[in-house]
Every structure is written in structure tokens, then in C-alpha cells.
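The values are calculated or read from the model by the stated rules, or taken from the named source; none is laboratory data. All values derive from a computational prediction rather than experimental measurement. Using ideal geometry, Cβ is built from the backbone for each residue, glycine included, and neighbour counts are taken over all protein chains shown. Only protein heavy atoms, including side chains, enter the accessible area calculation; ligands, DNA and RNA are left aside. Shrake-Rupley method; radii C 1.70, N 1.55, O 1.52, S 1.80 Å.
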Amino acid sequence: MLALVSDLIWAHTPAVHGLEHLRTKAAADGVDVYLFLRAASEAAALTQAHAILDGASAPLRAHGYRTPEPRR
């Protein structure tokens, strides 16, 4: 399960979003995803995180997952 979530995010994230690493962790209410981004600022990182999750949301939903707003 965790590997699938990770793979789907990687597969649907273009390099322009600055994703350098991600970690998935089982949580009581699903899966926590931690994104490690190369970004010019915190605001840019949040924008990039939203873009990454938006881009991966359809493939994740196709596998039964949903993507809530990133935690700040």
C-alpha cells in the first residue's frame, strides 16, 4: 500500500515541482505523505506541494485514496 502511494506520486510529478524525496507512513486514518521539496521559499514549497497532490489525485483516487489539503 505505502509503496503504491509513493510510486503514484513519483510517476505523476514533473521535475518542475522540485520533489527530491517523499516518505509515506501508515496512519490511523490512512497514509501520511511527507514531501521533501527544492523550493525558493516556504510559500513556493506550499504551492509546489499543492501542485504535486493535485497532479497525483486522479491516479490516487483510481486506487481508492483521497488527497486532503496538505498540513501546514
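In this structure, is residue 55 small (Gly, Ala, Ser), open to solvent by 30 Å² or more (accessible area, probe 1.4 Å) and not in a loop (DSSP other than H, G, I, E, B)? Yes.
The rows are residues; the columns are (1) touching a strand residue (DSSP E or B) at 6+ places or on another chain (Cβ under 6 Å); (2) at pLDDT 95 or above; (3) of a type outside the set (A, V, I, L, M).
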position: 11; (1), (2), (3): no, yes, no
position: 15; (1), (2), (3): no, yes, no
position: 18; (1), (2), (3): yes, yes, yes
position: 39; (1), (2), (3): no, yes, no
position: 49; (1), (2), (3): yes, no, no
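Of the residues making up region 1-46, those that are within 21 Å of residue 61 (Cα to Cα), open to solvent by 30 Å² or more (accessible area, probe 1.4 Å) and in a helix (DSSP H, G or I) are 2, 3, 4, 7, 10, 11, 17.
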